[in-house]
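Below is one structure, written out as structure tokens; comments come after it.
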Amino acid sequence: MTIEELIDNFAFLDGWEEKYSYIIELGSQLESLDESYRTEEWKVRGCQSQVWLEPQIKNGKIHFKGDSDAFIVKGLIAIVLMIYSDKSAQEIKEIEVEEIFAKLGLQEHLSPSRRNGLFSMVEKIKEYADALK
């Protein structure tokens, strides 16, 4: 699914109860993360829930896998990975994620701790992109 399709799907849903259900559904579709990546080394700092991200380089692009111990956070990971996965390090740096989050309405509908966690994931992805280019 593209980001544009995700934004369209969000616009189609009535209210935030439906949107949260959709976010949880997205999280249930995440590619599985091997247990060996559920360690401190791969953990994202700044998230209230436990979040792990695994970067893999494939054909010059960075593919990410992720997981969390919280359902809504898994869905947020799915959204972040839709935005950043399978892009080059340069493409990752150029993404205006705040604009995308605003179109989805995430800024104003997430608790401050979830919002902080969301941006912690983005920062970790950018760190991986810097290190892997």
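The values are calculated or read from the model by the stated rules, or taken from the named source; none is laboratory data. Nothing here was measured: the structure is a model prediction, and the numbers come from that model. For neighbour counting, all protein chains shown are included, and Cβ atoms are generated from backbone atoms with ideal geometry for every residue, glycine included.
Some points to look at:
- Search result, residues across region 17-58 that are among the hydrophobic types (A, V, I, L, M, F, W, C) and surrounded by 15 or more Cβ atoms within 10 Å (Cβ to Cβ): Ile23, Ile24, Leu26, Leu30, Leu33, Trp42, Val44, Cys47, Val51, Trp52, Leu53
- Of all the numbered requirements in (1) part of a loop (DSSP other than H, G, I, E, B); (2) touching a strand residue (DSSP E or B) at 6+ places or on another chain (Cβ under 9 Å); (3) under 16 Å from Phe119 (Cβ atoms), Leu81 misses one, and that requirement is (1).
- Pair list, Cβ < 7 Å and 6+ apart or interchain, from region 1-20 residues that are among the charged types (D, E, K, R) to residues that are in a helix (DSSP H, G or I): Lys19/Phe10
- Flag if Lys126 is of a type in the set (D, E, K, R) and modelled with pLDDT of 95 or more: yes
- Restricting region 18-40 to residues that are more than 15 Å from Leu76 (Cα to Cα) and outside any loop (DSSP other than H, G, I, E, B) leaves a set whose member that is nearest to the chain's Cα centre (by Cα) is Tyr37.
- Failed item in (1) outside any helix (DSSP H, G or I); (2) modelled with pLDDT under 95, with Ile62 passing the rest: (2)
Listed here are the residues, each with its yes/no results for (1) more than 19 Å from Glu127 (Cα to Cα); (2) out of contact with any Gly (no Cβ under 9 Å at 6 or more places or on another chain).
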site: Gln56; (1), (2): no, yes
site: Gly60; (1), (2): no, yes
site: His63; (1), (2): no, yes
site: Phe71; (1), (2): yes, no
site: Asp86; (1), (2): no, yes
site: Glu94; (1), (2): no, yes
site: Ser111; (1), (2): yes, yes
site: Asn116; (1), (2): no, no
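- Among residues of region 97-126 that are over 11 Å from Gln48 (Cα atoms), those with a Cβ under 7 angstrom from a residue that is aromatic (Phe, Trp, Tyr) and outside any helix (DSSP H, G or I), sequence gap 6+ or separate chain, pair up as Ile125/Phe64.
- Selection count, region 64-114, where residues are polar (S, T, N, Q) and either under 10 Å from the mean Cα position of the chain (by Cα) or buried (at least 18 other Cβ atoms within 10 Å of the Cβ) (or both): 2
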